Amino acid sequence: LYEDGVPLGPRHSLHEDIRTLGGGRYAHWVHQLYFSTTDHSDPNTNGRSYQYSIPLRLFRRPADEPEVDPTLPVNHRKRDARPDQIAADVQYAIKVGKSYLTFIQSHLPSLIGKTVLEIGPGVNYGSIMLLAAHGAIPIVGDRFLAPWDRPYHPRFYAQLRDELVRSDPRADVRGLNALIEADSYLDSVVRRVISPVEQLPLPTGSVDVVLSNAVVEHLYDLEQSFAQLARVTRVGGLGFHQVDFRDHRNFDRPLEYLLLARDEFSTVFAGCHGECGNRYRPDETTACLQAAGFDVLDFTGNLFCKADYLTEFIPRLRGCRSPYRNRSEDDLRIISGRYLLRRRQ
Ligand SMILES: C[S@@+](CC[C@H](N)C(=O)[O-])C[C@H]1O[C@@H](n2cnc3c(N)ncnc32)[C@H](O)[C@@H]1O
């Protein structure tokens with residue numbers, strides 16, 4: 001970034017520093033650039049020119065490599081169908097699917113005939129297809145539902161099927177076989193709902209279990225989303241949500257987004273399709289779930305901030321304009337956790 005042709009900086013500065021210290025500090029994130037002028041003057045009226053340049057390599061990338069086009073939501077990018085990637089995706093889907101299964105089996109005698117909704121399944125529906133192999137009726141719902149990708153999905157589901165049968169010869173893989181044979185998603189195998197959770201078009205009380213992994217932190221409106229999940233879940237139905245409370249822009253600095261003032265954060269969140277995380281903390285999430293009609297049977301934190309990062313972060317938080325500036329250290333420490341829910345009468 002240049003002011004009258006002179007490079008500005010430091011780049012990658014904190015928004016708080018750009019606002020209070022200025023001096024040419026700047027930061028960019030997806031489509032947004034936050035910057036300050038060298039002398040605190042208003043760039044709209046100070047008569048100077050501001051320009052930026054980016055390497056040709058980055059400029060070309062969206063067109064040449066659609067799988068990394070940063071302007072598309074991840075689910076709508078072309079899939080990486082290299083064997084290593086598919087093998088890794090299968091292992092991940094099985095890991096998440098097994099954690100769902102363990103939870104459900106500890107609360108329900110059998111999955112057979114139970115309607116199970118996974119919100120935000122991501123690039124494939126492997127985890128819920130694992131539950132389907134145990135008799136569940138699967139539904140997926142996503143704002144950006146990933147379409148069938150010819151080079152990727154047939155291989156992914158074939159490998160998943162082989163793994164499931166290898167670990168349990170009784171696994172019911174007829175659904176997976178049908179998808180592979182049709183080379184397409186089939187509503188008769190997995191119902192697909194293209195919708196934000198905030199407006200789920202499913203009948204009231206029609207779902208036995210709602211599941212999600214790394215989705216709740218991306219929702220725009222928690223109150224409305226949980227109200228919809230409560231509406232579609234039958235009374236006594238279950239919920240399992242693994243939530244990642246980190247700032248997704250840099251997992252090594254997981255609380256940075258808490259420094260932003262409300263308006264600044266809204267711009268960042270919208271600019272990246274919510275992919276940076278909505279920054280609701282665990283207690284706020286619990287309160288929204290309870291208000292929507294869920295009993296929180298359990299919340300277990302399963303990832304925690306490093307002590308040295310927290311020590312360095314707290315003074316910066318206390319000195320900023322963020323609504324989180326008075327949060328206790330204990331609150332801030334939890335950066336990932338799992339909710340177990342039951343729909344109240
Ligand atoms: C980080 S990905 C997680 C994907 C997958 N569950 C996993 O564990 O890898 C978040 C998913 O939530 C979806 N999502 C984000 N906001 C949503 C919303 N408001 N309604 C429905 N889905 C949403 C995204 O499209 C994406 O598929």
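Here is how the numbers come out for the structure above:
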| quantity | calculated |
| --- | --- |
| Hey, residue 114 loosely packed, with under 15 Cβ neighbours inside 10 Å, within 25 Å of residue 216 (Cα to Cα) and either touching an Asp or Glu at 6+ places or on another chain (Cβ under 7 Å) or not β-branched (Val, Ile, Thr) (or both) or not | no |
| Residue pairs meeting the criteria (Cβ under 7 Å; at least 6 apart or on separate chains; first within 16 Å of residue 286 (Cβ to Cβ), in region 319-345; second surrounded by 14 or more Cβ atoms within 10 Å (Cβ to Cβ) and at pLDDT below 95) | 340/103 |
| Residues within region 98-121 that are near the ligand (Cβ under 10 Å from one of its atoms) and within 16 Å of residue 160 (Cα to Cα), tallied | 1 |
| Number of positions in region 1-45 that are open to solvent by less than 40 Å² (accessible area, probe 1.4 Å), closer than 17 Å to residue 256 by Cα and in contact with a helix residue (DSSP H, G or I) (Cβ under 8 Å, 6 or more places away or on another chain) | 4 |
| Count - residues of region 130-147 that are within 13 Å of the ligand (Cβ to nearest atom) and in a strand (DSSP E or B) | 4 |
| Qualifying residue in region 149-158 (condition: surrounded by 16 or more Cβ atoms within 10 Å (Cβ to Cβ) and either under 22 Å from residue 197 (Cα atoms) or within 12 Å of the ligand (Cβ to nearest atom) (or both)) | no |
| Residues of region 217-238 satisfying the condition of being of a type in the set (A, V, I, L, M, F, W, C) and either at positive phi or within 9 Å of the ligand (Cβ to nearest atom) (or both) | 219 |
| Residue 126 vs. criteria free of Cβ contacts under 8 Å to residues at least 40 places away in the same chain and within 16 Å of the ligand (Cβ to nearest atom) | yes |
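Residue-by-condition table, conditions (1) within 13 Å of the ligand (Cβ to nearest atom); (2) of a type in the set (D, E, K, R); (3) touching a His at 6+ places or on another chain (Cβ under 7 Å):
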{"residue": "212", "(1), (2), (3)": "yes, no, yes"}
{"residue": "247", "(1), (2), (3)": "no, yes, no"}
{"residue": "258", "(1), (2), (3)": "no, no, no"}
{"residue": "274", "(1), (2), (3)": "yes, no, yes"}
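This table checks each residue for (1) modelled with pLDDT under 95; (2) open to solvent by less than 10 Å² (accessible area, probe 1.4 Å).
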| residue | (1), (2) |
| --- | --- |
| 208 | no, no |
| 211 | no, yes |
| 214 | no, no |
| 225 | no, yes |
| 229 | no, yes |
| 235 | no, no |
| 246 | no, no |
| 268 | yes, yes |
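The values are calculated or read from the model by the stated rules, or taken from the named source; none is laboratory data. Computed from a prediction, not measured in an experiment: that's the story for all the values here. With ideal geometry, Cβ positions are generated from the backbone for all residues, glycine too; neighbour counts draw on all protein chains shown. Protein only, heavy atoms only, side chains kept; ligands, DNA and RNA dropped before computing areas. Shrake-Rupley method; radii C 1.70, N 1.55, O 1.52, S 1.80 Å.
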